[in-house]
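Before any comments, here is the structure.
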Amino acid sequence: MSLQKYFKEFNEKIKMDYDVKSELKDKRDILLEILRNAEGIPAFKKFDQGSYSMYLGVEPLDKEYDIDVGLRFQVNCDDYAPMDLKDKIYDLLKDHTDYGATIKKPCVTVTYKKDGEAAYHVDLVVYTYADKDDTDSQLYLARGKNSESDETCWEKSDPVGLVNYVNDKYKGDDAKEDREQFRRIIRYFKRWKNKKFSSSGNAEPPSIGITLIAVDKFEVSKKYDYLEEKYIYDDLDAVLNFAKEIKDLFKFNGISESGRCLYSIEYDLPSELKFDENTNVFKKMSDNYMTDFKEKVDALVTDLEAVKNEADEVEQCKKLNKIFGDDFPIPEVDNAAKQQMCYIPPTSSSGAR
Amino acid sequence: MVCAVIINAENKRIKLCNEIIGLMYGYIQWNSYDTEAGGIILGRENLGNDNLIFEFITKPMKKDIRTKNRFLRKDSEHIEFYKQLYSKHNGVYAYYGEWHTHPEDIPHYSIIDLTNWRKISKEDPKEMQYHIIVGRKQLRIWEMRKKCFMPKLVCEVKWDEINI
């Protein structure tokens, strides 16, 4: 019944709801069925990627739910132009929902509505093989919006390796509780990110960046309680230490024309995976956006340290509620303090002499 | 703006909320004719750990006796205030000790104070009380443990080191 209890309540609130996921899964399966039965679409194997596949989904604030699906087509990359399959998928799915489909640089997006508003979308990501007869050969992602663009290309990719890299961090039953803290801390960060950054453009640091830093730098915070004979986890310490790790990654990057000190952050996809080189996961963020990110992380560290220094649990929750938003619970004083005896000395006599 | 003060005591922390610090500061005996002031300290204990939050103090009341060198808490309003707080919050607030002012820069407890604290320690079912004396340059807090003969100084707060 300590602060940890409130962190866990927060985690339960922000964790992606399984019912919503199952609805998303149903929609995804309908789309895949259309593609499988369509003429001119080669055979493919589906796999889940993104936060859903890493068990790191967070309920979005004023944003759509999404699910990322990788489609590994059994074809040689050299036999297709990058837009060939994306255009075909787009044509097949563009009239499937009221919102239609959109071709984005990394995927084709199909948006669904619920109660008259866009509620969720399915991102279909196209991959082909270097050698269609060897499923261990290099995968290529179809990047681009149209065939005219110079940016359109087949990009080396290793999406399955990436999911495994994250999911292998704390494996097995022995690491279950450590793994749960690891996942909770990433979820807290993602909610903080959702609250503090605009989701338009590239103002918001990508979740995969946060997740990869966590895989490499996150350390479990727990203490063994000899009375209870179990580990007691401390999410406040864990999230603070992780925020400090991110803070330490920023490098001074000169001064802007307006006199602002600029900072940058680089974090490459794991070198052991089969991605293109120069894969800084934050590369889409401008200098100013990276600097905004740094300032927000600095403030987060300061604010979390203030929480740590606070002695009153109710006040700690109020501060955490300011940092992470209204899903962080604030208990009533009456429910967050021990019961006391009603005693007071009837009189008292004090004096300097 | 007055800052709260957090004290590291044995295995726990004690928070003096800013409101009570501001109130006590207002009763400092700056002038030779100022009389002593005092009241009771009320707080709660976190459910998840042993930290104490001193959140309320009572102010001197009409029927208390106040002279330059004495403060007698006699008015039943102090008790009334506590009882109301206790019942309004389902019994989570407790009495933690007495506070009063002294006409000295760095406050020391007197024989009268010591006798009073020992008496309280004997009668209060709780293991420990915390008493505060407010001086002109410092506020000091003593811990009075049951069956311990002497109080232990746990903290001194210098007025010029906190934001007043």
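Share of Cα-Cα pairs in the protein assembly as shown beyond 39 Å, in percent? Could you put the intermediate results ahead of the total?
Values: 59650 of 133386 pairs.
Result: 45 percent of Cα pairs exceed 39 Å.
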Rounded to the nearest 500, the 222 nm mean residue ellipticity computed for the protein assembly as shown from DSSP H runs (n ≥ 4, each -39500 (n - 2.57)) alone is -10500 deg cm²/dmol
If one compares the long axis through the Cα atoms of helix A:207-217 with the longest principal axis of the Cα atoms of chain A, the angle in degrees, nearest 10, works out at 60
To the nearest 10 degrees, the tilt of helix A:176-196 (Cα long axis) against the first principal axis of the alpha carbons of chain A is 80
Ordered by fewest other Cβ atoms within 10 Å, a rough proxy for footprinting exposure, A:Ser271, A:Ser264, A:Ser348, B:Ser76 read A:Ser271, B:Ser76, A:Ser264, A:Ser348
Gyration tensor on Cα atoms of the range A:172-335, a ≥ b ≥ c root eigenvalues, a/c under 1.5 rounded, else prolate if a/b beats b/c, else oblate, says oblate
Measuring from the longest principal axis of the C-alpha atoms of chain A, the long axis of helix A:287-309 (C-alpha) lies at a number of degrees, nearest 10, equal to 30
Residues whose modelled amide H sits under 5 Å from the amide H of A:Met16, counting only those 5 or more places away in sequence or on another chain, are A:Gly57, A:Val58, A:Glu59
For the range A:145-196, the charge dipole (Cβ of Lys, Arg +1; Cβ of Asp, Glu -1; about the Cα centre) points to a positive end, and the Cα of A:Tyr170, A:Ser149, A:Tyr188 closest to that extreme belongs to A:Tyr188
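What helices in chain B pass both tests, a Cα length along the helix axis of 30 Å or more and a mean Kyte hydropathy of -1.0 or higher, using whole DSSP H runs? The partial results should precede the final answer.
Working: long enough: none.
None clear 30 Å together with a mean of -1.0.
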Along the dipole axis of chain A (charges at Cβ: +1 for Lys and Arg, -1 for Asp and Glu; origin at the Cα centre), the most positive-end residue among A:Ser198, A:Thr111, A:Asn37 is A:Ser198
Restricting to lysines and to Cα separations under 18 Å from A:Lys195, and discarding same-chain partners fewer than 8 apart, the set is A:Lys13, A:Lys15, A:Lys63, A:Lys294, A:Lys296, A:Lys318, A:Lys319, A:Lys322
Using alpha-carbon positions, the gyration tensor of chain B gives root eigenvalues a ≥ b ≥ c; with a/c under 1.5 called rounded, otherwise prolate if a/b exceeds b/c, else oblate, the class is rounded
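Sort A:Leu93, A:Leu32, B:Leu42 so the one with the fewest other Cβ atoms within 10 Å of its own Cβ comes first.
Values: A:Leu93 20, A:Leu32 16, B:Leu42 24.
In increasing order of surrounding Cβ atoms, one gets A:Leu32, A:Leu93, B:Leu42.
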Distance in Å, no decimals, from the C-alpha centre of the range A:236-292 to the one of the range A:166-213 is 16
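Read the figures in this text as sums done on the coordinates, not as results from a lab. Because the structure is predicted, anything quoted here is derived from the model rather than measured. Positions of Cβ are backbone-derived with ideal geometry, glycine not excepted, and every protein chain shown enters the neighbour counts.
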